[in-house]
Structures are given as C-alpha cells and as structure tokens.
Amino acid sequence: MKRFSTLMAILTLLFAGLMIPATASAAPDAGQTEARETADAPAPSAEAPIQTGKSTPRIMVEGFTTTPKPVVAGDDFDIVFTARNMSATATVQNIKFSLSGEGGLLPRSGSASVYLAKLGPRESVDVTMYYTSLPTLEDKPYPLTLTIDYEDADFTALSSTETVAVVVSQPARVETSVPQVTPEVMTLGGEGSLVFTVNNLGKSAISNVKASIKGGQAVTGSEAYVGNVAAGATANVDMIVQAVDVTASPITLVLSYENSEGVEASLEREVPIMVTEMTQHEGMLGPEDIYEEESTIPWGLIGIGAAVLAAIVIVAVVAVRRHRKKKDVEDEADALSLLDQDGLI
C-alpha cells in the first residue's frame with residue numbers, strides 16, 4: 001500500500017512538469033505585448049493644431065440701404081446698415097464703424113465714423129450715418145468700404161471690412177423747342193406737319209421717348225417714336241397731323257420718356273393752331289370751274305385786246321391824215337406867197 005502511494009505521487013509530479021511549459025508558451029509576456037503595440041502605433045505629428053477651446057468673434061453686415069434710394073445727385077441722404085455679432089458666446093466691445101470711398105459722397109457732420117460700446121453674443125444693431133452727394137456726380141453706383149474695429153473679452157484688437165455701394169441717380173432734365181405746325185391755318189379734313197426738338201439737358205440718358213397728341217382734340221395724329229436720347233443730345237420729331245374739327249384753340253402735345261432708373265415720366269406742351277371750314281374754292285370744283293379749267297384759250301381777254309388795238313390804230317390813222325392835210329395847206333400857202341412876191345399874181 002505504501003508503494004502504491006509513492007507511485008501515484010511520482011506520476012503526479014511528472015504530469016505537472018509536462019503542463020507548465022505549454023502554458024508558458026501559450027501566454028506571452030504582458031511587457032512584450034505592450035512594447036510591441038507601442039512600436040506599431042504611429043508617431044504623433046508635429047503639425048497637429050493645438051486646440052485652445054476659444055474662437056474669434058466676428059462682426060458682419062447683414063443689411064445695407066440708403067434713404068432715399070436711389071440717391072439723387074446734389075441731395076442729402078442717410079446710410080443705414082445692420083451689424084451683428086456672429087459669436088454665440090463672446091461679447092465684443094469698443095466697436096468703431098468707419099466708411100471710406102471715392103470723392104463725391106461726403107458726411108454731413110464731417111465725420112465718417114460711429115462708436116458703439118459693446119455688442120452681446122448674437123446681438124445686432126442698426127447704424128445710421130448722414131451723408132450728402134455732390135451735384136456733379138455721374139449716374140452710377142459708388143463703392144464704399146466699411147471698416148469695423150473692435151475688441152474681444154480679452155481686449156484683443158480685431159478688425160473686419162465690408163464693401164457696399166451707393167447708387168447715385170442724376171435727375172432727368174428734358175425740354176422741347178416751340179412746336180411748329182405747317183400750314184399755320186389748316187382746313188377741316190386736311191393734313192399738316194408738326195415739328196419740334198427734344199433736348200436732354202441732364203447728365204443721364206433717357207429712353208423710350210415718344211410724342212403724341214392728347215385725345216379728344218380738334219387735331220389728331222399717330223404716335224411718333226423717338227427712341228433713346230443721350231445726355232446733352234437733341235432729337236428731332238416730325239409728326240403728320242389731321243384736322244378733324246374746327247378750332248382756334250391750342251392743342252396739347254404729350255412727350256413721354258423713361259429715366260435712367262426705368263421710371264416713366266411725361267411733360268405737356270401747348271401748340272397754337274387754327275382749323276377752318278373748307279370753302280368751295282378750296283374744296284371740290286363747281287361746273288363753271290370745270291369749264292374754265294377745260295377752256296385753255298381766254299377768248300374774252302383776246303376780244304378786249306383786239307378792240308383796244310383797233311381803237312389805237314384808228315386814232316393813229318386819223319392823226320396822220322390830219323397832220324398831212326395841215327401840211328398840204330401850209331405848203332400851198334407858201335407857194336402862193338412866193339408867186340405874189342414875183343408879181344406873177
């Protein structure tokens with residue numbers, strides 16, 4: 001029995017010696033695993049950004065307009081814009097708004113800047129600046145640069161710029177010459193010509209210029225299309241008009257056009273005119289007129305002329321005969337006087 005126990009102990013030791021190397025080979029060392037993973041991991045980049053957890057607050061312009069719009073050259077106007085703090089957490093402070101641009105648009109107060117103490121997160125403010133424009137400005141948009149200087153909560157100086165534009169319009173100045181109607185006196189049912197010139201005295205072009213005679217008057221006519229007239233230019237208008245009623249009162253001429261903004265405008269001019277009834281001589285010929293037109297030989301005048309000529313001839317013949325008879329008597333008297341002196345009688 002003692003020998004059996006000893007044998008079992010020996011077998012147990014042998015079995016344990018066989019199992020220990022297999023377990024060691026199956027379980028790697030923890031230090032070796034950590035070293036291998038560290039060697040396989042990518043090295044940290046030297047250019048990776050450093051996260052500080054703080055963003056820069058921005059002020060942006062959300063809206064811009066002028067009052068009035070467009071700006072009329074030579075007039076005063078107001079610039080109104082809306083500025084908003086785009087940050088959701090930071091308050092900006094010590095804010096200065098400044099406008100700058102080409103000449104011709106001038107601040108009425110002499111300063112082109114506005115100051116604001118602070119602007120909270122996502123807060124907006126309407127800023128108004130008061131300006132005037134020179135009357136010599138051309139009809140076009142004028143760009144302006146809006147500069148915004150401010151500070152964040154740490155008193156860091158920040159700045160942003162925006163570009164805006166002010167549209168300037170030159171007022172339209174349109175005149176016409178004195179309209180003339182030919183003939184000066186029209187007959188009912190007759191036609192005439194109405195002429196005048198369109199003078200653009202402004203600094204901007206006008207378009208779609210048209211001339212017409214106001215309806216319901218004694219004289220009518222088709223609308224005359226002139227087209228575009230450049231600044232400082234002149235256009236001629238020639239209209240054919242018809243007399244539909246007798247009148248001695250002036251008629252109204254209407255000139256319409258569009259300015260540089262496309263806004264339609266018009267002006268009216270009175271035109272002196274006279275329309276009379278048509279007489280028979282001016283209108284259709286009567287039977288006696290037709291006969292006189294067909295008869296090309298003026299027999300009556302010829303007869304009168306012949307009678308006058310015959311009278312002149314008769315008077316001339318009688319005068320010659322009297323002259324000759326008087327001369328014969330004088331010659332005979334002279335001959336008798338000579339004979340008496342010679343003693344022949």
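Conditions first: (1) part of a loop (DSSP other than H, G, I, E, B); (2) touching a Leu at 6+ places or on another chain (Cβ under 9 Å); (3) buried (at least 19 other Cβ atoms within 10 Å of the Cβ). G232 passes all but one, so which condition is the exception?
(3)
Which of the residues that make up the range 102-133 are open to solvent by less than 70 Å² (accessible area, probe 1.4 Å), under 22 Å from D75 (Cβ atoms) and not in a strand (DSSP E or B)?
At the first step, the residues of the range 102-133 found to be open to solvent by less than 70 Å² (accessible area, probe 1.4 Å) are 103-105, 107, 110-114, 116-117, 119-121, 124-125, 127-129, 131-133.
Keeping just the survivors that are under 22 Å from D75 (Cβ atoms) gives 103-105, 107, 110-112, 114, 127-129, 131-133.
Those that are open to solvent by less than 70 Å² (accessible area, probe 1.4 Å), under 22 Å from D75 (Cβ atoms) and not in a strand (DSSP E or B): G103, G104, G110, S111, A112.
What do you reckon, is E294 over 30 Å from A224 (Cα atoms), at pLDDT below 70 and loosely packed, with under 10 Cβ neighbours inside 10 Å?
Working: over 30 Å from A224 (Cα atoms): yes; at pLDDT below 70: yes; loosely packed, with under 10 Cβ neighbours inside 10 Å: yes.
Against the criterion (over 30 Å from A224 (Cα atoms), at pLDDT below 70 and loosely packed, with under 10 Cβ neighbours inside 10 Å), E294 qualifies.
So which residues in the range 158-203 are among the hydroxyl-bearing types (S, T, Y) and open to solvent by 80 Å² or more (accessible area, probe 1.4 Å), if there are any at all? Don't jump to the end; show me each part of the working.
Initially, the range 158-203 is screened for residues among the hydroxyl-bearing types (S, T, Y), giving 159-161, 163, 169, 176-177, 182, 187, 193, 197.
Across the range 158-203, the qualifying residues are T161, T163, T182.
Please go through the range 135-157 and give me each residue that is surrounded by 12 or more Cβ atoms within 10 Å (Cβ to Cβ), among the aliphatic types (A, V, I, L, M) and not in a loop (DSSP other than H, G, I, E, B), ordered by number.
L144, L146, I148
The values are calculated or read from the model by the stated rules, or taken from the named source; none is laboratory data. For clarity, every value in this text was computed on a predicted model and none was experimentally measured. We place every Cβ from the backbone using ideal geometry, glycine too, and count neighbours over all the protein chains shown. Accessible surface is based on the protein model in full, side chains and every heavy atom, while ligands, DNA and RNA are left aside. Shrake-Rupley method; radii C 1.70, N 1.55, O 1.52, S 1.80 Å.
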